[in-house]
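Report on the structure given below.
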Amino acid sequence: MSSDVLVSVRGLEVHFPVRGEGIRKKGAGVLRAVDGVDLDILRGETLGLVGESGCGKSTLGNAVLRLIPSTGGSVHFAGTDVTSVGGKGLRELRRRAGMVFQDPFASLDPRRTVAQTVSEPLEVHGLRSGRRERAARVGELLELVGLDPAVAGRYPHEFSGGQRQRVGIARALAGEPDFLVCDEAIASLDVSVQAQVLNLLRRLQKQLGLTLLFISHDLSAVRHISDRIAVMYLGRIVEIGPASAVGSDPQMPYTQALLSAVPLPHPALERERKRIVLRGDVPSPSAVPSGCRFRTRCPYVFEPCDDVDPALQPAGAAGQQAACHLHGVVGTPVERTPEGVTAEP
Amino acid sequence: MGARSGAPRGSEPASAVTAGTAPVLEVEDLRVRLRTPRGPADVVNGLSYTVGPGETVAVVGESGSGKSVSVLALLGLLPARVATVTGRAVLQGEDLLTMKPERLRQVRGPGAGMVFQDPMTSLNPVLTVGRQLVEGIRAHGDVSKEAARSRAADLLGEVGLPDPKGALDRYPHELSGGMRQRVVIAIALSNSPALLIADEATTALDVTVQAQIIDLIENLQADRGTGVIWITHDLGVVAGIADRVLVMYGGRCVEDGTVDDVLERPAHPYTRGLLGALPDLARPAVDGVVPDLATVPGTPPAPTDLPEGCVFWPRCPVRGDARCEHEQPPLVQIQGLDRHFGPSGLPHRAATWCTEPTSDTGLPASGTGSTALGGDR
């Protein structure tokens with residue numbers, strides 16, 4: 001493992017048991033929320049994780065921080081095995097890796113003041129002894145996220161959504177973490193407030209040298225904030241690479257469709273654009289298709305897709321990787337035309 | 001899904017725009033005041049617009065701007081105990097606001113259909129899809145149960161549900177979010193309304209499903225000449241579907257015009273702020289660095305406590321006119337600046353004392369602008 005890698009995920013699986021419907025079927029199903037993810041998050045980078053609802057992106061984020069147990073594979077954080085660590089090691093992990101949640105209304109305790117919420121990690125990790133030191137640190141943290149330290153005595157209901165999200169970020173930063181997972185951290189905010197929080201996260205990332213895993217369904221926001229982008233589909237990462245490459249020259253047909261479906265605020269451009277409209281819905285993660293998991297909706301589907309599950313492999317000139325047979329089973333690209341695709345290079 | 005899903009979007013020219021035909025809906029000086037525990041809230045303050053046959057008017061704004069309340073008021077869906085609605089809203093020659101409740105009930109189906117944001121809560125979870133469709137069809141026409149059922153199946157096929165006959169007997173929870181929203185659209189269309197109101201109809205959906213639903217509504221609109229009011233906060237969606245755009249802030253329309261004028265040549269500082277705050281895939285990095293987003297400082301005003309003067313002045317980055325804080329700017333045609341005067345020649349209006357040339361980035365140029373407003377309509 002290179003020293004530049006802060007978080008290393010190998011073959012991670014999070015499977016949930018599913019109860020059968022009715023009384024006849026005995027619970028034999030398995031829901032594969034995360035189904036074999038390999039991922040390296042580099043120190044100091046922002047990795048954007050995009051995908052549609054149900055693709056497993058939040059589950060992956062939770063499993064990386066061990067907020068839910070994984071059922072297979074491994075996660076290493078700065079060399080420690082997250083999936084097996086306990087006691088002091090786990091507490092240290094909790095300090096060094098934080099989480100910013102989606103809903104700033106649900107993730108703050110309504111009966112605790114901002115000061116109580118933000119100082120709890122300080123107490124738990126013994127970072128500041130003495131009430132006065134903690135209060136001073138809370139003030140610093142609030143200032144860091146752009147809030148007036150004078151608001152420390154207020155309760156969450158006295159704040160707007162954007163301000164609450166700032167409080168959530170201050171809490172996540174209290175332990176002086178190296179790594180933050182932001183799970184749909186801007187999804188419930190209005191456009192103008194979203195921009196404020198995105199700018200704040202970018203500034204903090206630079207200022208504090210944080211490593212961010214930014215999980216979102218919003219490709220524009222992910223493209224804006226990330227150094228690299230990983231695209232997830234049905235529990236698997238199907239494309240990963242530099243943000244500019246994934247955002248402008250996607251190599252996996254799913255990413256292409258996803259990107260083409262993102263509405264752009266330019267009327268002339270929108271009229272010109274060809275939109276790739278995918279067939280049908282995402283298959284259920286409890287019945288993942290054989291072979292390539294995108295083949296049931298892929299406009300380029302051809303022979304090997306039915307049986308062979310493609311692994312991530314180099315694709316395109318800009319250094320991204322895609323899990324797609326179009327880039328050849330052994331790395332030779334295949335001529336691409338929708339519908340009738342031939343296997344000859 | 002379905003045969004039409006492959007059609008490129010926007011292939012129909014946006015030509016049906018009020019071309020000589022009578023508008024489907026004419027709203028004039030619509031005002032809504034709600035009684036709240038914190039005192040009267042002026043949620044909608046003088047909204048006027050028209051929707052022509054086959055035309056799509058997008059109403060854009062952030063939460064609390066009054067965009068949803070303004071359409072709920074049109075259809076009499078606000079509780080009369082707390083809401084006072086004034087103004088005129090003429091749908092196909094009849095004023096919705098003075099209509100008797102029985103007449104309004106009749107009008108809602110064939111006159112105007114509504115698609116709400118959340119298909120999870122706008123469908124009844126304990127009734128089958130078929131029953132909910134049949135109920136709407138039979139409420140507005142003397143149709144036998146069997147005929148209504150077969151019409152319901154046709155509608156489900158039209159909105160692209162696979163196995164429409166089988167879907168009639170399914171419950172909402174058995175369908176995916178996109179499928180549910182298709183059912184809601186089928187219900188809204190079941191009486192071939194002249195006007196379709198979509199209130200954040202695709203907000204809860206994934207982008208690929210959103211693309212399917214937008215395609216669907218555009219195709220149905222082209223087939224039937226339905227006028228559409230599309231309420232959303234997503235300027236990207238607006239760019240793709242709207243003929244005209246109306247930007248709301250603090251219960252007022254602060255800018256309206258053709259979609260090209262408003263999005264490419266925004267005149268109001270708020271519209272510019274919204275566009276600048278949007279992460280934009282089409283404007284990528286400059287020298288490998290993605291510039292910070294422009295932000296609108298502060299938060300929108302509470303409708304119980306609207307500022308005097310221009311509603312936007314407390315947050316306005318270019319305020320500076322003596323009138324900003326005291327006098328409400330009227331919504332007037334933008335004149336005097338060629339760059340603001342759209343090539344379409346269609347009305348482009350803004351309610352601001354401070355308008356100035358738009359820089360190429362769509363952000364306001366620095367400094368306070370001189371007023372470029374003049375004359376009236």
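The values are calculated or read from the model by the stated rules, or taken from the named source; none is laboratory data. Since the structure is predicted, the reported quantities are computational estimates derived from the model, not experimental observations. In this analysis, Cβ positions are derived from the backbone assuming ideal geometry, glycine residues included, and neighbour counts consider all displayed protein chains.
Take the residues in segment B:114-137 that are outside any loop (DSSP other than H, G, I, E, B) and β-branched (Val, Ile, Thr), then tell me which one is surrounded by the most Cβ atoms within 10 Å (Cβ to Cβ). Explain how you work it out, then say what you get.
Here is the first cut: in segment B:114-137, the residues outside any loop (DSSP other than H, G, I, E, B) are B:114-115, B:119-122, B:129-137.
Next, only the ones that are β-branched (Val, Ile, Thr) stay: B:115, B:121, B:129, B:134, B:137.
Values: B:Val115: 25, B:Thr121: 11, B:Val129: 28, B:Val134: 22, B:Ile137: 20.
Among them, the one singled out is B:Val129.
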Going by the conditions given, is A:Ala174 buried (at least 20 other Cβ atoms within 10 Å of the Cβ) and over 19 Å from the mean Cα position of the chain (by Cα)? yes
Of everything in segment A:148-169, what is among the aliphatic types (A, V, I, L, M) and surrounded by 22 or more Cβ atoms within 10 Å (Cβ to Cβ)? Give them in sequence order. A:Val167, A:Ile169
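State all residues of segment B:46-68 that are assigned to a strand (DSSP E or B) and either within 14 Å of chain A (Cβ to nearest Cβ) or under 17 Å from B:Ile231 (Cα atoms) (or both); if no residue qualifies, say none. Spell out the reasoning first.
Looking only at segment B:46-68, we keep the residues that are assigned to a strand (DSSP E or B), and these are B:46-51, B:56-60.
Correct list: B:Leu47, B:Ser48, B:Tyr49, B:Thr50, B:Val51, B:Thr56, B:Val57, B:Ala58, B:Val59, B:Val60.
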Of the criteria (1) within 24 Å of B:Gly273 (Cα to Cα); (2) under 15 Å from the mean Cα position of the chain (by Cα); (3) of a type outside the set (S, T, N, Q), which one A:His266 fails: (2)
Which of the residues that make up segment B:195-218 are surrounded by fewer than 20 Cβ atoms within 10 Å (Cβ to Cβ) and either more than 18 Å from B:Ala239 (Cβ to Cβ) or among the aromatic types (Phe, Trp, Tyr) (or both)? B:Ala204
Being part of a helix (DSSP H, G or I), touching a residue at least 60 places away in the same chain (Cβ under 8 Å) and within 12 Å of chain B (Cβ to nearest Cβ) is the filter here; which residues of segment A:205-220 pass it? A:Leu219
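Need at least 2 residues that are of a type in the set (A, V, I, L, M) and closer than 26 Å to B:Pro193 by Cα per element, so show me which helices (runs of 4 or more DSSP H) inside segment B:207-297 make the cut, counting only ones lying wholly within it. Write out each step before concluding.
On the way: elements: B:207-224, B:235-241, B:259-264, B:269-276.
Qualifying helices (runs of 4 or more DSSP H): B:207-224, B:235-241.
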Take segment B:81-113 and flag every residue that is surrounded by fewer than 19 Cβ atoms within 10 Å (Cβ to Cβ), in contact with a Leu (Cβ under 8 Å, 6 or more places away or on another chain) and among the charged types (D, E, K, R). B:Arg88
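Residues are listed down the side, and each one gets a yes or a no for (1) facing another protein chain (nearest Cβ under 7 Å); (2) not hydrophobic (A, V, I, L, M, F, W, C); (3) not in a helix (DSSP H, G or I):
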{"position": "A:Val238", "(1), (2), (3)": "no, no, yes"}
{"position": "A:Gly241", "(1), (2), (3)": "no, yes, yes"}
{"position": "A:Thr255", "(1), (2), (3)": "no, yes, no"}
{"position": "A:Pro263", "(1), (2), (3)": "yes, yes, yes"}
{"position": "A:Glu270", "(1), (2), (3)": "yes, yes, no"}
{"position": "A:Arg275", "(1), (2), (3)": "yes, yes, yes"}
Condition check for A:Gly89: surrounded by fewer than 17 Cβ atoms within 10 Å (Cβ to Cβ) and either more than 21 Å from A:Arg203 (Cα to Cα) or at pLDDT below 95 (or both): yes
Which ones in segment A:277-304 are modelled with pLDDT of 90 or more and either facing chain B (nearest Cβ under 8 Å) or part of a helix (DSSP H, G or I) (or both)? none
Is there any pair with a first residue in segment B:258-284 that is more than 20 Å from B:Arg349 (Cα to Cα) and at the interface with chain A (Cβ under 9 Å from one of its Cβ atoms) and a second that is of a type in the set (Ser, Thr, Tyr) and assigned to a helix (DSSP H, G or I) whose Cβ atoms are under 7 Å apart and which are 6 or more apart or on different chains, and what are they? B:Ala277/A:Ser192; B:Pro279/A:Ser220; B:Asp280/A:Ser220; B:Leu281/A:Ser220; B:Pro284/A:Ser244; B:Pro284/A:Ser248
Take segment B:188-223 and flag every residue that is in contact (Cβ under 8 Å) with a residue 60 or more places away in the chain and of a type in the set (Val, Ile, Thr). B:Ile197, B:Thr203, B:Ile214
